[in-house]
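Undergrad: My structure is below; once you've seen it, I'll send some questions.
The values are calculated or read from the model by the stated rules, or taken from the named source; none is laboratory data. Computed from a predicted structure; not experimentally measured. Here the Cβ is made from the backbone with ideal geometry for all residues, glycine too, and neighbour counts use every protein chain on show. Quick note on the areas: whole protein, heavy atoms, side chains included, nothing else; ligands and nucleic acids left out. Shrake-Rupley method; radii C 1.70, N 1.55, O 1.52, S 1.80 Å.
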Amino acid sequence: MSTIPHNPEEPQGAVKVWDPFVRVFHWSLVSCVLLNYFVIDDGETIHQWLGYVASALVVMRIVWGFIGTRHARFADFFPTPARLRAHIVAMRSGKEASHAGHNPLGALMMLALMAVVLGLGVTGFLQTTDTFWGEEWLQDLHEVLGSALIALAGLHAAAAIIMGRIERTNLVAAMVTGVKQRR
């Protein structure tokens, strides 16, 4: 494994990155998703309410992406084509600098996860309306989105572990403590 050069724009050592809102949002959303997919039966009232809570969390996170702390703001990490290209080129060359907040691929994953959660919220809600009650295509779409969310979440978790090793940072611990600590 190659060493990661230090980006002079990012502080070295312990860096306060994730504010309490971001950490509570993250673990609350993880809880809602895991409970709804693996524990609660589809169609139960608690399943619906956990889905609404997950959707509300995402909406609050979107708002926080505009008004929150530095590394929570979309402007700090939004995955533009130029940022994505530079990140991928740097990774391929072994010269990847660490990012205090989300790296561009992590940002893309975060946005994809939030979009899928909102899609689940909309398709779940529509199933409770008179217009779409019992529509099989909508139920199928909701199930596909649920499976896609679990697959993306698994990829996200694996990437956090792998990137943490590459960057010599425990990214899971950082999402608990709010501090990224390079080893």
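Undergrad: When residues of segment 170-181 are filtered for being open to solvent by 30 Å² or more (accessible area, probe 1.4 Å) and over 16 Å from the mean Cα position of the chain (by Cα), how many remain?
TA: Residues that pass the stated criteria total 4.
Undergrad: Moving on to the next point. May I ask you to list the residues in segment 89-113 that are aliphatic (A, V, I, L, M), open to solvent by 20 Å² or more (accessible area, probe 1.4 Å), touching a residue at least 40 places away in the same chain (Cβ under 8 Å) and over 27 Å from LEU145 (Cα atoms)?
TA: ALA97
To keep it simple, each residue is scored yes or no on (1) open to solvent by 30 Å² or more (accessible area, probe 1.4 Å); (2) in contact (Cβ under 8 Å) with a residue 60 or more places away in the chain; (3) more than 30 Å from TRP133 (Cβ to Cβ); (4) not small (Gly, Ala, Ser).
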| position | (1), (2), (3), (4) |
| --- | --- |
| PHE25 | no, no, yes, yes |
| THR45 | yes, no, no, yes |
| TRP64 | yes, no, yes, yes |
| ALA72 | no, no, yes, no |
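Undergrad: Being open to solvent by less than 70 Å² (accessible area, probe 1.4 Å), closer than 18 Å to ARG165 by Cα and either at pLDDT below 95 or in a loop (DSSP other than H, G, I, E, B) (or both): is that true of ALA86 here?
TA: no
Undergrad: Taking the conditions exactly as written (surrounded by 16 or more Cβ atoms within 10 Å (Cβ to Cβ), among the charged types (D, E, K, R) and either over 20 Å from VAL58 (Cα atoms) or in contact with a Leu (Cβ under 6 Å, 6 or more places away or on another chain) (or both)), does GLU167 satisfy them or not?
TA: Yes: the conditions hold for GLU167.
Undergrad: In segment 31-41, what residues are open to solvent by 50 Å² or more (accessible area, probe 1.4 Å) and either touching a residue at least 40 places away in the same chain (Cβ under 8 Å) or touching an Asp or Glu at 6+ places or on another chain (Cβ under 8 Å) (or both)?
TA: TYR37
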